[in-house]
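Report on one structure; see the data block that follows.
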Amino acid sequence: MTLDLTELTESTQNRMLQVVETLQGTVLGGVQAWSSSVQKVQKMLPLDTRVLDRLPGASVLPAPDKMVELSYSFASKVLANQQHFAEQLVGITAPVSRPAARTSRTAAAKPAATPKG
């Protein structure tokens, strides 16, 4: 059985994504429970005890969903830029790296020559 590094990499990445999704689901469940509890308590408090809206600068802060949108939009652009950079780097180094990789694979695939004698 030969080791297919691409298959192994993809399989590992898929498992990691599953783990991340499971953890995210757990966190979302916990935050939902916390948020429900806070909302119940908050409704019992007098309006003047809610200090978040009175914090300096609170009125100019973007909404949380807008901050998520802005942050991930920026992160997507950075990731796309990094991918383009990596692709260019691979292209520039291809003349040097590809022949060596082919040679080592070819040498490994051929049986060693036996001396005649």
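The values are calculated or read from the model by the stated rules, or taken from the named source; none is laboratory data. Note that the structure is predicted; figures quoted are calculated from it, not measured. For neighbour counting, all protein chains shown are included, and Cβ atoms are generated from backbone atoms with ideal geometry for every residue, glycine included.
From the list Thr22, Thr49, exactly one residue is at pLDDT 85 or above and hydroxyl-bearing (Ser, Thr, Tyr). Which is it? Please lay out each step first, then the result.
Numbers: Thr49 fails: at pLDDT 85 or above.
Result of the check over Thr22, Thr49: Thr22.
Quickly run through the range 60-72 and pick out the residues that are exposed (fewer than 10 other Cβ atoms within 10 Å of the Cβ) and part of a helix (DSSP H, G or I). Break it down stepwise before answering.
Looking only at the range 60-72, we keep the residues that are exposed (fewer than 10 other Cβ atoms within 10 Å of the Cβ), and these are 60, 63-65.
Matches in the range 60-72: Val60, Pro64, Asp65.
Report, ordered by the first and then the second residue, all pairs with beta carbons closer than 7 Å, sequence separation of six or more or different chains, a first member in the range 1-23 that is touching a residue at least 24 places away in the same chain (Cβ under 8 Å), and a second member that is of a type in the set (S, T, N, Q).
As it stands, the answer is none, since no pair meets every condition given.
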